[in-house]
Amino acid sequence: MFKADDLAIFPIDSWIQHGVSWVALNLRPLFLAIKWPVEALLSLNDALLHAIPFPVFVVGFTLLAWRLATAGIAAFSAMSLVVIAMLGVWNEAMTTLSLISTAIVFCAAIGIPMGIWCARSDRVWNVVRPILDIMQTTPSFVYLVPVVMLFGVGTVPGEVAVVTAAAPPLIRFTNLGIRMVEHEIVEAGLAFGADKRQLLFEIQLPLAIPTILGGLNQTVLTAMVLSVVVAMIGAEGLGLVVLQGLGRLDVGRAAVGGIAIVLLAMVLDRVTQKMAEPKRGGGTQGSLLRTVLRLVRSERPDEPAVPAGRAKEAL
């Protein structure tokens, strides 16, 4: 009888294995060049976070959360950090935070320009979109195999895996935020003499900031999840605490790492989520009016300023 296994005639696994082996052997200088800036920034962030005294860090982060979010979130952040220290995993939490902060920098450096490029070209977006679909639906563990073959094991290769998995949400949200800017607003900017650069940096990006920050929130959460998974390839941090507890069947140790991960993730989620919410009194039309008037003054200094009433009528 005909069986499904009879159709297994394509040795895709061996093709991929030979391909990755060839890339690892012949393009090693390229991957060392990619690894160097990641290692440099990760080492800097890790050393900086571990050098900050615990009370100073708690007070500073609480004030930052108060400034970016609310007093309630600031209080929750302070209590969560204190609980993490009481669990005895403060150093591991700082290592995980250095992984996440480094990932945010590289994801922003890659994701925002890529999202802008996708928003400005439908052809580019049609090519990038299926790639992002594949990256976001691929199980986290699958990233580890090529990363180990190309970069080795340890914290730095783990960081590469985190950046690779966490960048797609920021690309999508940046593209979405720019495309969601109302066509009438773009036309108003063009009518007042804005060129492509001014249109992007003075109108589209400012209006897309809430959406981009929403993508940053998703990037942070994805990086948090991957920072735990990459412990399987030697990355340090709270994920390693959980992995050690699992390997030794030490439920208590694994629970300590899990609780610390949950608290740190909730703090980062609440702060970044609040950053993405629109500010009171910061309406789109008011921001547009200020932007258009600034464009008029910068592009046509010899002409009289447009009165606010006439600018509103033009919109």
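The values are calculated or read from the model by the stated rules, or taken from the named source; none is laboratory data. As the structure is a prediction and not an experimental result, all values here were calculated from the model. Note that we place each Cβ from the backbone using ideal geometry, even for glycine, and neighbour counts take in every protein chain shown.
GLY115 falls short on exactly one of the conditions (1) free of Cβ contacts under 8 Å to residues at least 60 places away in the same chain; (2) over 28 Å from VAL262 (Cα atoms), and that condition is (1). Here is the figure for the stretch 120-144: residues that are modelled with pLDDT under 95 and crowded, with 19+ Cβ neighbours inside 10 Å total 2. Scanning the stretch 159-211 for residues that are closer than 22 Å to ALA108 by Cβ and assigned to a loop (DSSP other than H, G, I, E, B) yields MET180, VAL181.
Once the stretch 147-158 is narrowed to residues that are in a helix (DSSP H, G or I) and touching a Lys or Arg at 6+ places or on another chain (Cβ under 9 Å), the residue that is farthest from LEU97 (Cα to Cα) is LEU150. Selection within the stretch 66-108: residues that are β-branched (Val, Ile, Thr) and outside any helix (DSSP H, G or I). The member of this set that is surrounded by the fewest Cβ atoms within 10 Å (Cβ to Cβ) is THR70.
Of the set (1) surrounded by fewer than 17 Cβ atoms within 10 Å (Cβ to Cβ); (2) under 14 Å from ALA93 (Cα atoms), all apply to VAL251 but (2). Residues in the stretch 126-144 that are over 16 Å from PHE106 (Cβ atoms) and in contact (Cβ under 8 Å) with a residue 40 or more places away in the chain: VAL128, LEU132, SER140, PHE141, LEU144.
Of all residues in the stretch 174-187, one or more are modelled with pLDDT of 90 or more, out of contact with any Gly (no Cβ under 8 Å at 6 or more places or on another chain), surrounded by fewer than 21 Cβ atoms within 10 Å (Cβ to Cβ) and more than 27 Å from SER101 (Cβ to Cβ). Among residues of the stretch 214-227 that are without any contact (Cβ under 8 Å) to a residue 60 or more places away in the chain and within 18 Å of LEU176 (Cα to Cα), those with a beta-carbon under 7 Å from a residue that is assigned to a helix (DSSP H, G or I) and of a type in the set (A, V, I, L, M) at least six positions away or on a different chain give the pairs ASN217/ALA276.
Restricting THR95, THR102 to residues that are at pLDDT 95 or above, within 21 Å of PRO37 (Cβ to Cβ) and out of contact with any Leu (no Cβ under 7 Å at 6 or more places or on another chain) narrows the list to THR95.
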